[in-house]
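Step one of this worksheet: look at the structure below.
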């Protein structure tokens, strides 16, 4: 099959290794990869800011690049960009009175898949270890992006592929369906709210004890990687205390003599007094210590394509193995 790669602008500019990993995976399956020249951006940044007139030529450039190239299906390692192709591009073109562009954009979007969609729905990949040779012997947690969940409705496609990687120690992320706070231009226009949402998300990532947090959107991972890097540098989230972190001791109520187990309970978005019994006076919680909450120093973010591309012969190394980490993102 001839597969066209839509690299997306953020991957091309910031994380080219994600595009390379995507190509590696598909070539490993025996497919031909083509790269339509002239591709740039899907226009999502313009559209989300209400700049429809500025978005129209960006949409036209995307349609021209992919219409001028011969391919069977297209793939992008970004749920948000794939969602924008189908959810936004035709709508904007119609709003601008360009019905021909709307039809062309809709046709291209209908044949463009997010990476896990392509692997599972089109290529029939269900076992990453058996079908791709994927190997990553590390503790990993996973953040599902908002667009992947709510617009593409990816469900468990990404997490199921990750779980099937040989050697992986997969741990569920608490409150996984909560937004990381990026939201494209939202994080620029509403930095305080975005930072508070990020603090919530990074606390849950830390609570898993995972070495790596992965996901299918480079934009979310960029945001979260920054949060991981910030915590590693400072040990705190200054200005974003809207999370109650409670260190509790849980004792089995059925088995007498069982050892007590320490837990970190992160009550995200809760009032500071929510965890107290009536009559107790609450105080703003102190930042939990790394020892107390089991946090690991050196956690990083990495796109799931790079984990799926990792093999025993050519493994993806983590920070503890000497890998480079920049801005909280594994390089």
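All of the numbers you see were taken from the coordinates with simple rules; none came from a lab. A quick note: this is a predicted structure, and the numbers were derived from the prediction, not measured. Quick reminder, even Gly has a Cβ in these numbers, built from the backbone with ideal geometry, and neighbours come from all protein chains shown.
At a glance:
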| read-out | value |
| --- | --- |
| Pairwise FRET efficiency - residue 13 versus residue 186, Cβ, R0 = 22 Å, nearest 0.05 | 0.65 |
| Efficiency of FRET between residue 320 and residue 61 - r from beta-carbon atoms, R0 45 angstrom, step 0.05 | 0.60 |
| Estimated inter-spin distance, residue 95 and residue 169, nm [label 7 Å along Cα→Cβ] | 4.8 |
| Rounded, prolate or oblate (a/c below 1.5 giving rounded, otherwise prolate when a/b exceeds b/c) for region 1-155 by Cα gyration tensor | prolate |
| Residue exposure sequence - 312, 201 - by fewest surrounding Cβ within 10 Å | 312, 201 |
| Projected label distance in nm at residue 153 and residue 2, using a 7 Å step from Cα toward the beta-carbon | 3.2 |
| Per-residue Cβ neighbour rank within 10 angstrom, fewest leading, 195, 320 | 320, 195 |
| Part-to-part distance (alpha-carbon centres) for region 40-60 and region 115-129, which is given in Å | 30 |
| Per-pair calculated FRET efficiency, R0 = 30 Å: residue 35 and residue 103 via Cβ, rounded to 0.05 | 0.75 |
| Cβ crowding within 10 Å averaged over residues, with 181-191, 29-39, 86-96 ranked highest first | 86-96, 181-191, 29-39 |
| Cβ-based exposure ranking for 208, 22, 126, in which fewest neighbours within 10 Å come first | 126, 208, 22 |
